Amino acid sequence: MNNRLTTKERAHLAKVKALPCSLCDAPAPSEAHHIKQGQQYTAVALCASCHRGDGLGLHGMRRMWAIKKMDELAALNVTIKRLMETA
């Protein structure tokens, strides 16, 4: 399997990272959280806290996710909407 990103995938991820957090609206830059590894076009814009934070983050205890009553697909929807608004 080829793990190299294409030019278009890199450009897409750069646009995702230039967005505010899709969960808490923290200003950019964001991290690109992949809902499924290797699928670049399902990346969600998340700040470090909402992505990797021990208490709040998706890869932690997910407290911010519970507070906002969101899941990964809802956050992806926010990311896509914002990408479309900047196009």
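The values are calculated or read from the model by the stated rules, or taken from the named source; none is laboratory data. Everything quoted here is computed from the prediction, not taken from an experiment. Quick reminder, even Gly has a Cβ in these numbers, built from the backbone with ideal geometry, and neighbours come from all protein chains shown. Side chains included, ligands, DNA and RNA excluded: accessible areas come from the protein's heavy atoms. Shrake-Rupley method; radii C 1.70, N 1.55, O 1.52, S 1.80 Å.
One table, with the values for the structure above:
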| quantity | calculated |
| --- | --- |
| Tally of residues being at positive phi and modelled with pLDDT of 95 or more across the range 11-44 | 1 |
| Looking only at the range 1-49, and only at residues there that are more than 11 Å from the chain's Cα centre (by Cα) and among the hydroxyl-bearing types (S, T, Y), the one that is nearest to A66 (Cα to Cα) | S49 |
| Matching residues, the range 18-49, being closer than 15 Å to E85 by Cα and open to solvent by 60 Å² or more (accessible area, probe 1.4 Å) | A18 |
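Residue-by-condition table, conditions (1) in contact with a helix residue (DSSP H, G or I) (Cβ under 8 Å, 6 or more places away or on another chain); (2) basic (K, R); (3) part of a loop (DSSP other than H, G, I, E, B):
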site: G38; (1), (2), (3): no, no, yes
site: G55; (1), (2), (3): yes, no, yes
site: L58; (1), (2), (3): yes, no, yes
site: M61; (1), (2), (3): no, no, yes
site: A75; (1), (2), (3): no, no, no
site: V78; (1), (2), (3): no, no, no
site: K81; (1), (2), (3): no, yes, no
site: E85; (1), (2), (3): no, no, no
